[in-house]
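Undergrad: My structure is below; once you've seen it, I'll send some questions.
The values are calculated or read from the model by the stated rules, or taken from the named source; none is laboratory data. Note that the structure is a prediction, hence the values are computed from the model and not measured. Positions of Cβ are generated from backbone atoms using ideal geometry, with glycine treated the same way; all protein chains shown enter the neighbour counts. Calculation scope for accessible area: heavy atoms of the full protein, side chains included, ligands and nucleic acids excluded. Shrake-Rupley method; radii C 1.70, N 1.55, O 1.52, S 1.80 Å.
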Amino acid sequence: MNGSQIGTAWFGTHIVLIKCNYMTNQVVAVFKSDHAPFEPTANSCAETLSRYLSIGYALIGAYPLDNEQIQYVLQYR
């Protein structure tokens, strides 16, 4: 399959970054690769993570950013 052909599905690895305030369980920001499958963001971090895990993403890391925020890195293949 020619990956550069217009209208073809994107195959490969996709990344989503979910930044949360773990003190309040609220989503601060979501960043994704251009063609990544995505779900609507919920107010709750736990629900947002649940949605992405349910469509096939795998958690590959969770990193503290400061005293209140954590960033989750999810990968879809």
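Undergrad: Considering only protein heavy atoms, what per residue accessible area in square angstrom results for the chain with a 1.4 angstrom probe? Intermediate values should be presented prior to the final figure.
TA: On the way: 5180 Å² over 77 residues.
Heavy-atom accessible area per residue stands at 67 Å².
Undergrad: Report the full-extension gain for the segment ALA58 to ALA42: residue separation times 0.36 nm, less the Cα-Cα distance, to one decimal in nm.
TA: 3.9 nm
Undergrad: Now, a different point. Which angle from 0 to 90°, rounded to the nearest 10, does the C-alpha axis of helix 45-54 make with the longest principal axis of the chain?
TA: 30
Undergrad: At a 1.4 Å probe radius, carbon and sulfur cover how many percent of the accessible area of the chain?
TA: Reported share for carbon and sulfur atoms: 53 percent.
Undergrad: Additional query: Students often get this wrong, so try it: which of [x] 50; [y] 34; [z] 45 is percent of Cα pairs over 17 Å apart as calculated from the structure shown?
TA: [z]
Undergrad: Hey, if you put +1 on the Cβ of every Lys and Arg and -1 on every Asp and Glu Cβ in the chain, which of LEU53, GLN71, ALA29 ends up farthest toward the positive end of that dipole?
TA: The Cα lying farthest towards the positive end belongs to LEU53.
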